[in-house]
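The values are calculated or read from the model by the stated rules, or taken from the named source; none is laboratory data. Bear in mind the structure is a predicted one, so any value in this text is a computation, not a measurement. Neighbour counts are summed over all protein chains in view; Cβ atoms, including those assigned to glycine, are modelled from backbone coordinates with ideal geometry. The accessibility values were calculated without ligands, DNA or RNA, using every heavy atom of the protein model including side chains. Shrake-Rupley method; radii C 1.70, N 1.55, O 1.52, S 1.80 Å.
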Amino acid sequence: SIALSKGNSTAVKEWLAIDILTSTGLRVSELANLRCGDLSTGYGVTASIYVRNGKWSKTRLVIIPDSLKKHIKQFLAWKKDRGERVGEDDHVFCGQRGVWTRQAIQQLVKKYLTLLDLYEDGKSVHALRHSYAVQLYRREKDLRAVQKQLGHSSIQTSQIYADVLEEDLGRQVRGMWQI
C-alpha cells in the first residue's frame, strides 16, 4: 500500500511475488511463468491460480486464500492503470529488463530473508514452499490436500510434511503427564 502510493513499482511487484509464494507454495519456475490469465479472481468463482507448466509440464489448479485474491485484484488494476499489459498470455512479473527469471526471484527471496535476518546458506524459494506445506498439513492434517496444492505426483513426496510434525508430536508427548 505504501509502495503503491509512492509509485515504487519494483516493491509493488516484489510484495505480490512474496505473497503468492508464501500463500500458495508455488515453485520458483511456476511463479516466473505465471500469466495474467492464470489468475482467477472473478466474482463468485473459487479464487485460484492455474499452473499451466509445472514440474514435468503438468498443469494444476492451486486454490488461494481471499486475502491473496484481493491482493491480486488490486495488483492487476494497478498494473493496468500503469499501462502495463494484462492480457491472458502476458506475464504477471516483468521489469525494465523483461520477464522475471527464476534467478531474479531467487535473489528477491534471498534479499528479504536477509533483511529479516532469516537467511541461511541454501535457503531459497523452496524453503517458503516447504513452510507453506508444513503449515497446510498442520492445519488440515490432509496429505491429499498438500499433494494437490503442491502438485506432487506421488503422495510419498507429500508424506515428508507429515513426518516433520513427528518432531512436534515427540515434544508434546514428552510433557503430557507432567504436573
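Structure above, values below:
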| quantity | calculated |
| --- | --- |
| Of all residues in segment 82-98 being closer than 21 Å to T24 by Cα and outside any loop (DSSP other than H, G, I, E, B), the one that is modelled with the highest pLDDT | H91 |
| Residues (touching a strand residue (DSSP E or B) at 6+ places or on another chain (Cβ under 8 Å) and within 11 Å of I20 (Cβ to Cβ)) located in segment 52-73 | V62, I64, I72 |
| Scan of segment 114-157 for residues that are in contact (Cβ under 8 Å) with a residue 40 or more places away in the chain and not in a helix (DSSP H, G or I), ordered by number | S124, G151, S153 |
| Residue match in segment 41-61 (condition: part of a strand (DSSP E or B) and of a type in the set (F, W, Y)) | yes |
| Counted residues, segment 7-27 - those being open to solvent by 20 Å² or more (accessible area, probe 1.4 Å) and closer than 16 Å to S131 by Cα | 5 |
| Filtered residues of segment 34-62 (kept if in contact (Cβ under 8 Å) with a residue 40 or more places away in the chain and either among the acidic types (D, E) or surrounded by 14 or more Cβ atoms within 10 Å (Cβ to Cβ) (or both)) | L34, R35, C36, G37, D38, L39, V51, G54, K55, R60, V62 |
| Single residue of W56, W78 found to be at pLDDT below 90, under 24 Å from R102 (Cα atoms) and of a type in the set (A, V, I, L, M, F, W, C) | W56 |
| Cβ pairs under 7 Å, 6+ apart, first in segment 83-102 and open to solvent by 70 Å² or more (accessible area, probe 1.4 Å), second not in a loop (DSSP other than H, G, I, E, B) | E88/R35; E88/C36; E88/G37; D89/R35; D89/G37; R102/V28; R102/S29; R102/A32 |
| Candidates A11, A17, A3 - the one that is assigned to a helix (DSSP H, G or I), at pLDDT 95 or above and on the phi < 0 side of the Ramachandran plot | A17 |
| Breaking point among (1) modelled with pLDDT of 95 or more; (2) in a helix (DSSP H, G or I); (3) of a type outside the set (S, T, Y), for Q107 | (1) |
